[in-house]
Amino acid sequence: MTSALEDLERNLRRRLAPDCFREIDSKYGDEPRGRFHGSIGLLLAPTRVSQVSKILAACHKSHVPVVPYGGGTGLVGGQVLEGSPAPVVISMERMNRIRSSSSIDNVIVAEAGVTLADLQTRADSNERFFPLSLASEGSTQLGGNLATNAGGINVLRYGSMRDLCLGLEVVLPDGRIFNGLTQLRKDNTGYDLKNLFIGSEGTLGVITAAALKLVHKPRVEATLFLAVNDPAAALCILSQLQSEFGNSISAFELIHKNGLKFIRETHPDVKLPFPIASDWSILIDIGVSGEGELDKRLETVLEKQLEEDLVLDGLIAQSQKQRQHFWSIRELIPAANRRIGAIASHDISLPLGAITQFIHEASKKIDARGKYRINCFGHLGDGNLHFNIFPPRGVARDDCLHHRERISRVIYDLVHRYGGSISAEHGIGRLKTEELERYGDPTKLAVMRQIKRALDPYDIMNPGAVLASGSDERIRWPLAT
């Protein structure tokens with residue numbers, strides 16, 4: 001493979017501009033949680049789709065593996081390839097142009113290397129709004145957001161990247177270019193190929209550009225921070241608010257008291273909205289397009305909820321500054337978690353009707369295994385929870401890591417039993433390939449392998465991500481018999 005890589009580099013240097021070649025930098029082989037450390041044989045940074053096409057065509061011919069690299073913010077190791085052979089890493093950072101935007105069509109066409117923050121700024125300049133919201137928006141890139149079908153806090157109202165995308169431009173493993181940058185809302189001309197590549201984590205091709213939906217900004221917004229007794233009360237509040245405001249609720253976040261305690265422990269200068277008295281709290285965003293009396297309507301609903309003991313305490317943000325402060329608390333939870341040090345983190349989703357019982361049963365099972373601390377938080381409105389397990393107070397994280405696999409098996413078994421998903425928004429990457437094989441539907445997995453083999457017969461595209469390399473030998477293909 002070393003010889004193949006050397007021949008490949010000589011070939012590519014004849015076909016690409018010199019500035020496409022970069023000195024190897026270890027940052028392109030790392031991921032945020034430090035659980036994977038990838039190897040790099042050749043680091044390339046193209047500026048045009050034609051260059052990506054030449055790179056993939058050459059890699060396909062030489063059977064050299066390829067890893068597409070975006071902002072590097074993924075949490076499941078999908079952006080790094082460990083071991084040998086060392087891959088060609090294609091950084092999309094220089095494909096960062098916004099090709100067009102239209103306030104009439106409410107569409108923006110942008111390249112894969114555009115950061116989420118830049119995309120949002122451009123939409124804002126057109127008096128529009130791009131709804132994807134992530135804590136890493138300054139560094140996360142559009143291509144990675146699409147490759148992982150990113151969600152974030154606004155999925156309840158606007159959906160994930162799959163819902164926000166109209167069309168894609170993709171370079172296939174053999175170098176062919178799929179010119180699918182349609183801006184149409186209706187296009188019934190066969191298979192919807194864009195949804196094949198969204199969420200594929202770079203295993204079927206390289207996303208180079210996308211046509212994305214923009215929406216009008218809500219004219220009036222309200223943000224609420226409410227203390228509640230339990231998730232059942234939170235879900236009842238969600239139902240009542242949806243009855244009153246319909247799909248105007250954009251975010252509905254569940255926060256456990258341990259999340260606030262971790263913030264107090266790691267960020268003592270941060271002022272919390274109210275004392276940590278209740279076990280749970282919720283953070284809600286509501287936005288409407290009309291000039292109706294949103295605050296009065298909210299106060300009426302909240303008075304009823306207080307009378308019914310659904311809400312124990314609550315605040316409605318009185319200014320943009322206070323609204324930002326409420327959300328800064330929510331965004332500090334992952335940072336505080338990292339400082340405390342989780343033994344095991346779980347990005348899961350469940351039917352709303354199963355969430356209350358799941359949290360109760362999962363907590364009971366973890367409590368039976370030791371005095372672990374649990375921080376359960378997440379996007380309750382769309383069923384996405386982050387159910388993270390931390391060492392007992394005074395115990396070092398490293399002393400508990402040998403329990404990680406056993407703890408995760410307990411959680412994932414329970415998620416599977418309740419009809420949930422082991423990956424809600426982070427993807428499979430390399431971290432969860434075994435879990436996907438364990439819990440995935442056999443026919444679905446067989447079809448996924450057939451698609452992978454049809455588009456990428458030499459398994460050069462991000463090998464080992466999503467579908468474990470060599471899994472064809474371990475699991476029979478029901479559809480191939």
Legend entry - Among (1) small (Gly, Ala, Ser); (2) assigned to a strand (DSSP E or B); (3) under 18 Å from the mean Cα position of the chain (by Cα) - the single one Gly199 does not satisfy: (2)
Inset, instruction - Answer yes if at least one residue in region 356-366 is modelled with pLDDT of 95 or more and touching a Gly at 6+ places or on another chain (Cβ under 8 Å), and no otherwise. - result: yes
Legend entry - Residue satisfying all of: in region 174-214; touching a helix residue (DSSP H, G or I) at 6+ places or on another chain (Cβ under 7 Å) and among the β-branched types (Val, Ile, Thr); farthest from Gly464 (Cα to Cα) among these: Ile177
Legend entry - region 372-395 - residue that is part of a loop (DSSP other than H, G, I, E, B) and touching a residue at least 24 places away in the same chain (Cβ under 8 Å) and, of those, nearest to Arg330 (Cα to Cα): Gly383
Inset, instruction - Among the residues of region 371-398, write down those that are open to solvent by 30 Å² or more (accessible area, probe 1.4 Å), in contact with a Lys or Arg (Cβ under 9 Å, 6 or more places away or on another chain) and either among the hydrophobic types (A, V, I, L, M, F, W, C) or modelled with pLDDT under 95 (or both). - result: Lys371, Arg393, Val395
Inset, instruction - Look through Asp347, Asp309 and report the one residue that is under 26 Å from Ile374 (Cβ atoms), surrounded by fewer than 18 Cβ atoms within 10 Å (Cβ to Cβ) and not aliphatic (A, V, I, L, M). - result: Asp309
Inset, instruction - For region 128-178, enumerate the residues that are in contact with a strand residue (DSSP E or B) (Cβ under 6 Å, 6 or more places away or on another chain), open to solvent by 40 Å² or more (accessible area, probe 1.4 Å) and either charged (D, E, K, R) or closer than 23 Å to Gln51 by Cβ (or both). - result: Arg157, Ile177, Phe178
Legend entry - Odd one out for Asp25, checked against (1) free of Cβ contacts under 8 Å to residues at least 60 places away in the same chain; (2) surrounded by 16 or more Cβ atoms within 10 Å (Cβ to Cβ): (2)
Legend entry - Which listed residue, of Ala222, Ala227, Ala209, Ala251, is over 18 Å from Trp327 (Cβ atoms), touching a strand residue (DSSP E or B) at 6+ places or on another chain (Cβ under 6 Å) and part of a strand (DSSP E or B): Ala209
Inset, instruction - Return yes when Val49 is on the phi < 0 side of the Ramachandran plot, among the aliphatic types (A, V, I, L, M) and open to solvent by 20 Å² or more (accessible area, probe 1.4 Å) and no when it is not. - result: yes
Inset, instruction - Might you check whether a residue that is under 21 Å from Glu201 (Cβ atoms), of a type in the set (Phe, Trp, Tyr) and not in a loop (DSSP other than H, G, I, E, B) occurs anywhere in region 28-38? - result: yes
Legend entry - Search result, residues across region 264-274 that are closer than 15 Å to Arg393 by Cα and either open to solvent by less than 30 Å² (accessible area, probe 1.4 Å) or part of a loop (DSSP other than H, G, I, E, B) (or both): Thr266
Inset, instruction - Report whether or not Arg404 is in contact (Cβ under 8 Å) with a residue 12 or more places away in the chain, surrounded by fewer than 21 Cβ atoms within 10 Å (Cβ to Cβ) and either under 27 Å from Asn462 (Cα atoms) or of a type in the set (Asp, Glu) (or both). - result: yes
Inset, instruction - Would you mind finding the one in Gly314, Gly259, Gly290 that is small (Gly, Ala, Ser) and either part of a loop (DSSP other than H, G, I, E, B) or without any contact (Cβ under 8 Å) to a residue 40 or more places away in the chain (or both)? - result: Gly290
Legend entry - Pick from region 52-81, criterion touching a Gly at 6+ places or on another chain (Cβ under 9 Å) and of a type in the set (Ser, Thr, Tyr), ranking: most open to solvent (accessible area, probe 1.4 Å): Thr73
Inset, instruction - Could you tell me whether region 1-20 includes any residue that is assigned to a loop (DSSP other than H, G, I, E, B) and either within 27 Å of the chain's Cα centre (by Cα) or over 30 Å from Leu119 (Cβ atoms) (or both)? - result: yes
Legend entry - Gln120 being surrounded by fewer than 21 Cβ atoms within 10 Å (Cβ to Cβ), part of a loop (DSSP other than H, G, I, E, B) and in contact with a strand residue (DSSP E or B) (Cβ under 9 Å, 6 or more places away or on another chain): no
Inset, instruction - Restrict the check to region 69-89 and report whether at least one residue is under 30 Å from Lys213 (Cα atoms), modelled with pLDDT of 95 or more and in a strand (DSSP E or B). - result: yes
Inset, instruction - Could you check Lys321 against (1) without any contact (Cβ under 8 Å) to a residue 12 or more places away in the chain; (2) over 29 Å from the mean Cα position of the chain (by Cα) and say which number it fails? - result: (2)
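The values are calculated or read from the model by the stated rules, or taken from the named source; none is laboratory data. Note that the coordinates shown come from a computational prediction; the quantities given were computed from them, not determined experimentally. Please note: Cβ atoms are built from the backbone with ideal geometry, for glycine as well, and neighbour counts cover all protein chains shown. Ligands, DNA and RNA are excluded from the accessible area calculation, which covers all protein heavy atoms including side chains. Shrake-Rupley method; radii C 1.70, N 1.55, O 1.52, S 1.80 Å.
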